[in-house]
Amino acid sequence: MTATTEGLSRLERRKAETRREIIEAAFTCFAEQGYHATGIADIAARLGIGHGTFYRYFENKRDIVEHVIDDLIGRIVDALGADNAPEAVTTLEGYRAQTERIGAALARIFSDDPRVPQLLLSAAGIDDAMRERMLDLFATTTPLTAAYLEHGVRLGYLRAELDVEPTAQAINGMILGSVLVGLRDPAPERQARLSAAIRAVMYDGIAAR
């Protein structure tokens, strides 16, 4: 590796670190003052940076929310790869184990920083476009979940007459409900019990007889 390459790597790392610091400061300001009452000046002042530095990384404070949503989507998609991909299992037992892994991965994603789900819940009130973005986010998860159900129906370990799309929406609704519960009661034991309960409902309701 050349000195130039090393220098660029350090620069990129520093830029990523600064982005994270700006997001952290914005989260704190949003929590203390509310999204609408927070200005760029508040975020910049908390970090001790100028407005120009902020605008090198984000267009505005709304852009920070977009970044958080994009990051969340990326982490969820990553959690659904490899052994957790829809086609990775071929039996109901394998599906049980897979959904347990996925449930644990999602719990980690949302519990890593409780401010993320809190921000997502309030994001719909930012403006009409963001409300549509949030609705689109939840709509996007339907085909992801449906892919697992379609695979199970095709292989015969889920009911042949399963109405896939609304079932996927119902499962996602339970997952969203668990996220809401986690905001009030983030205890790992509680989340583990809730995750197990969701899986029990899934298996009893959609398993082939």
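The values are calculated or read from the model by the stated rules, or taken from the named source; none is laboratory data. In this text the structure is predicted, and so the values were computed from the model without any measurement. Methodologically, a virtual Cβ is constructed for each residue, glycine included, from the backbone with ideal geometry; neighbour enumeration extends over all protein chains shown. Quick note on the areas: whole protein, heavy atoms, side chains included, nothing else; ligands and nucleic acids left out. Shrake-Rupley method; radii C 1.70, N 1.55, O 1.52, S 1.80 Å.
The residue list L158, P186, L106 was ranked by how far each Cα lies along the charge dipole of segment 68-191 toward its positive end, using unit charges on Cβ atoms, and P186 comes out on top. Take the Cα of L176, step 7 Å toward its Cβ, do the same at A200, and the gap between the two points is 2.5 nm.
Rounded to a whole number, what is D in µm²/s for segment 62-209 from Stokes-Einstein with the Kirkwood radius over alpha-carbon pairs (10 °C, 1.306 mPa s)?
Values: Rh = 16.1 Å.
Answer from the Stokes-Einstein relation: 99 µm²/s.
GNM, the chain, Cα, under 10 Å: largest mean-square fluctuation among G39, G103, G52? In this elastic network of the chain, the residue with the biggest mean-square fluctuation among G39, G103, G52 is G52.
For the chain, a crude dipole built from +1 on the beta carbon of Lys and Arg and -1 on the beta carbon of Asp and Glu, taken about the Cα centre, is about 400 debye to the nearest 20. Farthest towards the positive end of the charge dipole of segment 1-130, among the residues I69, Y35, A129, is the Cα of Y35, using unit charges on the Cβ of Lys, Arg, Asp and Glu. Per residue, segment 62-171 exposes 51 Å² of accessible surface when a 1.4 Å probe is rolled over the protein heavy atoms with every protein chain present.
Dipole magnitude for segment 113-187: computed about the Cα centre from +1 point charges on Lys and Arg Cβ and -1 point charges on Asp and Glu Cβ, it is near 220 debye.
Kindly provide the helix-only [θ] at 222 nm of the chain, computed as the sum of -39,500 (n - 2.57) over DSSP H runs of four or more divided by all residues, to the nearest 500 deg cm²/dmol? Mind dumping the intermediate values first?
Numbers: 9 runs with 161 residues, N = 209.
When only DSSP H runs of four or more count, the value is -26000 deg cm²/dmol.
Run the dipole for segment 1-115 about the Cα centre, Lys and Arg Cβ at +1, Asp and Glu Cβ at -1, nothing else charged, and hand back the magnitude in debye, nearest 20. Roughly 340 debye, rounded to the nearest 20.
Which percent of the accessible area of the chain is formed by carbon and sulfur heavy atoms (probe 1.4 angstrom)?
Details: 6520 of 11750 Å².
Result for the chain: 56 percent of the exposed heavy-atom area is carbon or sulfur.
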